[in-house]
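> Take this structure first; my questions come after.
Values in this text are rule-based calculations from the coordinates and carry no lab data. Here the structure is a predicted model, which means the values were calculated and not measured. Positions of Cβ are generated from backbone atoms using ideal geometry, with glycine treated the same way; all protein chains shown enter the neighbour counts.
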Amino acid sequence: MFKQFAVVTGLVLASFAPAYAQRAEVSGIIGWTLSDGVDGDARLAGDGNLYDRVDPKDSMNWGFLVGFNATDNLEVGFQFGQQLSTAEISGTNTVELGDLTINSYHPYVAFNAAPPDAKIRPYLMIGMGATNYGSVSFTSAGGQARETGSETQFSTTWGAGVKVFPSPNVGARFGIQWTPTYIKTDSEGWWCDPYWGCYVVGDAQYSNQWQFNGGITLRF
C-alpha cells in the first residue's frame, strides 16, 4: 500500500513539474499529539476486568513536508508524520500494553495567503492518504508474550498555521493539524422507509490525532 501512495504522490507532483523552477519548500516539524482511539464490545481479561476501549496515549510527534508551488498561492506536496505513543486499554481498569508507533502518509494541497515574498504567510491545508498503527508487543495477564498485528487505514488530514520568513530562504512554521483515521463501522440497527426499504444503519468510528507542531522551513 505504501508503494501505491508513493506512486500516486509522484504522479501528482510530476504534473506540476513546470513549477519546480519557481520554488520548493522542505520543512521539518516536531510537536505534541492529543490522541483518542475507539471502543467496542467488552471483553473479560485474565485479570478479571472488562475492557472495551483502546487508545493511543498523548505523546510527541515529528515529521517532514516536501512541497512545490504550483502558483503563487497554491502548494502541492507530501507529508510524513510519526507519533511515538503507547497503546492503552481501558474499561473497569486501565492498562498500558506497550509502545505504539503511528505513521501517517498524506499527499496534500495547501493554500498560502499573502504574496510569495511576504515575511508572514498564513496557510490552510488538506490531505488524503493512510495511517499505519504499528504492532504492539506486550505480556498477557497469564505471563505469555503476545503481539498485535500492524494495521493501515484510510485517513485525511486538515491543517492551518503560519509560516514566518525572516530571510528569503529560511523560515519557521507553526501549526495545528487534525488527522481522523477510519477504524471500523458498528451496526446501529435497521432503518426502514417506504421508498428505499429496510437497511442496516452503521456508526463509523475514527481514531483522531490533534497535532500541535512547529519547525524549520527551507525554500529553494
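> Tally the residues that are surrounded by 15 or more Cβ atoms within 10 Å (Cβ to Cβ) and outside any strand (DSSP E or B), restricting the search to the stretch 28-56.
The number of residues fulfilling the criteria is 3.
> Filter the stretch 140-151 down to residues that are free of Cβ contacts under 8 Å to residues at least 24 places away in the same chain, under 25 Å from D36 (Cβ atoms) and not small (G, A, S), then give me how many there are. Walk me through it before giving the result.
Step one: list which residues in the stretch 140-151 are free of Cβ contacts under 8 Å to residues at least 24 places away in the same chain, which gives 143-147, 149-151.
Narrowing the set further to residues that are under 25 Å from D36 (Cβ atoms) leaves 146-147, 149-151.
Restricting the remaining residues to those that are not small (G, A, S) gives 146-147, 151.
The qualifying residues number 3.
> Which numbered condition in (1) in contact with a helix residue (DSSP H, G or I) (Cβ under 9 Å, 6 or more places away or on another chain); (2) surrounded by fewer than 15 Cβ atoms within 10 Å (Cβ to Cβ); (3) of a type in the set (S, T, Y) is the only one that T94 fails?
So T94 meets the others, but not (1).
> Next question. Of the residues that sit in the stretch 165-177 and are among the hydrophobic types (A, V, I, L, M, F, W, C) and exposed (fewer than 14 other Cβ atoms within 10 Å of the Cβ), which one is farthest from the chain's Cα centre (by Cα)? Step through it out loud before you land on a result.
Taking the stretch 165-177 and keeping what is among the hydrophobic types (A, V, I, L, M, F, W, C), we get 165, 170, 172, 174, 176.
Among the residues that remain, those that are also exposed (fewer than 14 other Cβ atoms within 10 Å of the Cβ) are: 170, 176.
On the way: V170: 26, I176: 12 Å.
Looking at the filtered set, the residue picked out is V170.
> Taking the stretch 57-102, which residues are aliphatic (A, V, I, L, M) and not in a strand (DSSP E or B)?
Matches in the stretch 57-102: A70 only.
> So, one more: Taking the residues in the stretch 57-91 that are of a type in the set (S, T, N, Q) and in contact with a helix residue (DSSP H, G or I) (Cβ under 9 Å, 6 or more places away or on another chain) as candidates, determine which candidate is surrounded by the fewest Cβ atoms within 10 Å (Cβ to Cβ).
Within the stretch 57-91, the match that is surrounded by the fewest Cβ atoms within 10 Å (Cβ to Cβ) is T71.
Yes/no matrix, rows are residues, columns are (1) within 16 Å of the chain's Cα centre (by Cα); (2) surrounded by fewer than 20 Cβ atoms within 10 Å (Cβ to Cβ):
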residue	(1), (2)
A113	no, yes
K119	no, yes
Y123	no, yes
G127	yes, no
S140	no, yes
R146	no, yes
E151	yes, yes
S155	yes, no
V162	no, yes
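> Within the stretch 81-100, identify whether any single residue is farther than 22 Å from S150 by Cβ, among the polar types (S, T, N, Q) and within 17 Å of the chain's Cα centre (by Cα), and answer yes or no.
no
> Could you give me the residue pairs with C-beta distances under 9 Å whose first residue belongs to the stretch 152-175 and is touching a residue at least 12 places away in the same chain (Cβ under 8 Å) and more than 16 Å from A113 (Cα to Cα), whose second residue is outside any strand (DSSP E or B) and aromatic (F, W, Y) wherever it lies, and which are 6+ apart or on separate chains?
Sorted first by the residue in the stretch 152-175, then by its partner, the pairs are T152/F2; N169/F220.
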